[in-house]
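The values are calculated or read from the model by the stated rules, or taken from the named source; none is laboratory data. Computed from a prediction, not measured in an experiment: that's the story for all the values here. All Cβ positions, glycine included, derive from the backbone under ideal geometry; neighbour counts span all protein chains shown.
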Amino acid sequence: MSSIIQLLPDHVANQIAAGEVVQRPASVVKELLENAIDAKANDVKLIVKDAGKTLIQVIDNGVGMSVTDARLCFERHATSKIRLAEDLFDLSTKGFRGEALASIAAIAHVELKTKQDQEELGHHIVIEGSKFISQDVAVLPKGTSFLVKNLFFNIPARRNFLKSETVEMRHIVDEFQRVALAHPNIYFTLIHNGSEMFNLPASNYRQRIVNLLGGKTNEKLVPVTEDTEIVKISGFVGKPEYAKKSRGEQFFFVNDRFIKSGYLHHAIMNAYDGLLKEGNQPSYFLYLQVPPNTIDINIHPTKTEIKFDDEQALYAILRSAIKHSLGQFNVAPVLDFER
Ligand code: ADP
Ligand code: MG
């Protein structure tokens, strides 16, 4: 009897995984920015050309990698962030799957430059479509730079499926904003086609929001705080009179990670009960800190969904914290209108 089952070669497995992890240039941006944060950088530059279709580069001043790690980081399931399955429930890093770099390197041309503080020289490695091209030493600053060129060069179907530059750039800016809002203590810059789109010096949450979204945002913001055993909440919600038809400025972070949750969005809308005109959407920038062992992030490769142990309790706490803030911070004219 002959057998017909074969193990897929690594480069094929990587390309398959890439299909999930890398949907478009913005997915690469997200993965590289998150790696820079996990590397404890406090200065992160994002450089893109042609909305990421030709070039995406992230330069950080983080811890860098040893020569061994610089080679290993492109392997699938290679991660410095977890060791045991239990670690999944006590995560303090953005990454843990160890598949982003392997996926990206499977479908693009990647150039890595990295140097650790204590090392004299850094390392420069080139990989194209999972194929090792070259490795040498180089004089480099402390930190890491990943340069990703010609995304989807070997998957024409994916490349052709990319949207216009305006749309792809919108996705990149969205990812950039989410990361920048979650980490106001880090200096972020975004350069597109040679011109600076964002320059965000390290600051606090309020100032970061204003720097990103414009000076007018400041007067819209009502602070929200709550501190319970289940969750610590901080951040801001928009005054009801500034609510708009679009859902543009709604940001929800759990343990410094941007998260989408229809359920908790509902809790927020519920707190505004009677304060909003029909169909209007408030802005919000809400930061939840929960014990890492009460959530599961390993639901989807892009990690924008989360499973909470006690979603109903969170709903109630969030709703009442926002209701309290809206009442306290003088949204009186609109409260009058409610009567
Ligand atoms: P994960 O982030 O899930 O661990 P990645 O494929 O994104 O997987 O990265 C693999 C490993 O490469 C990381 O665990 C980390 O050790 C290393 N690495 C990636 N990016 C950087 C960086 N910017 N600075 C230092 N080390 C990095
Ligand atoms: Mg990662």
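What to note about this one:
- Residue satisfying all of: in region 1-58; at pLDDT 95 or above and acidic (Asp, Glu); surrounded by the most Cβ atoms within 10 Å (Cβ to Cβ) among these: Glu31
- Entry remark, region 63-99: residues being in a helix (DSSP H, G or I) and among the aliphatic types (A, V, I, L, M) number 5 in total.
- Cβ pairs under 8 Å, 6+ apart, first in region 64-93 and within 19 Å of Val44 (Cβ to Cβ) and in contact (Cβ under 8 Å) with a residue 24 or more places away in the chain, second near ligand 1 (Cβ under 8 Å from one of its atoms) and in a helix (DSSP H, G or I): Cys73/Leu101; Lys81/Asp38; Thr93/Asp38
- Subset of region 100-109 [near ligand 1 (Cβ under 6 Å from one of its atoms) and either within 20 Å of Phe308 (Cα to Cα) or in a loop (DSSP other than H, G, I, E, B) (or both)]: none
- Condition check for Ala51: away from ligand 2 (no atom under 12 Å from the Cβ) and within 13 Å of the chain's Cα centre (by Cα): no
- Looking only at region 62-82, residues that are under 17 Å from Ile127 (Cα atoms), within 8 Å of ligand 1 (Cβ to nearest atom) and modelled with pLDDT under 95 come to 1 in all.
- Residues that are touching a helix residue (DSSP H, G or I) at 6+ places or on another chain (Cβ under 9 Å) and part of a helix (DSSP H, G or I), drawn from region 37-62: Ile37, Asp50, Ala51, Gly52
- Test result for Phe152, surrounded by fewer than 21 Cβ atoms within 10 Å (Cβ to Cβ), at positive phi and outside any helix (DSSP H, G or I): yes
- Residue count, region 232-270 (criterion: among the aliphatic types (A, V, I, L, M) and under 17 Å from Asn218 (Cβ atoms)): 2
- Boolean, Ala100 is under 18 Å from the mean Cα position of the chain (by Cα) and either farther than 30 Å from Ser234 by Cα or in the same structural domain as Pro25 (by TED's automatic domain parsing) (or both): yes
- Those residues of region 161-208 which are of a type in the set (D, E, K, R), in a helix (DSSP H, G or I) and over 27 Å from Val224 (Cα atoms), in sequence order: Glu165, Glu168, Arg170
- Lys163 meets the conditions (1) at pLDDT below 95; (2) exposed (fewer than 13 other Cβ atoms within 10 Å of the Cβ); (3) within 22 Å of the chain's Cα centre (by Cα) in every case but one. The failed one is (1).
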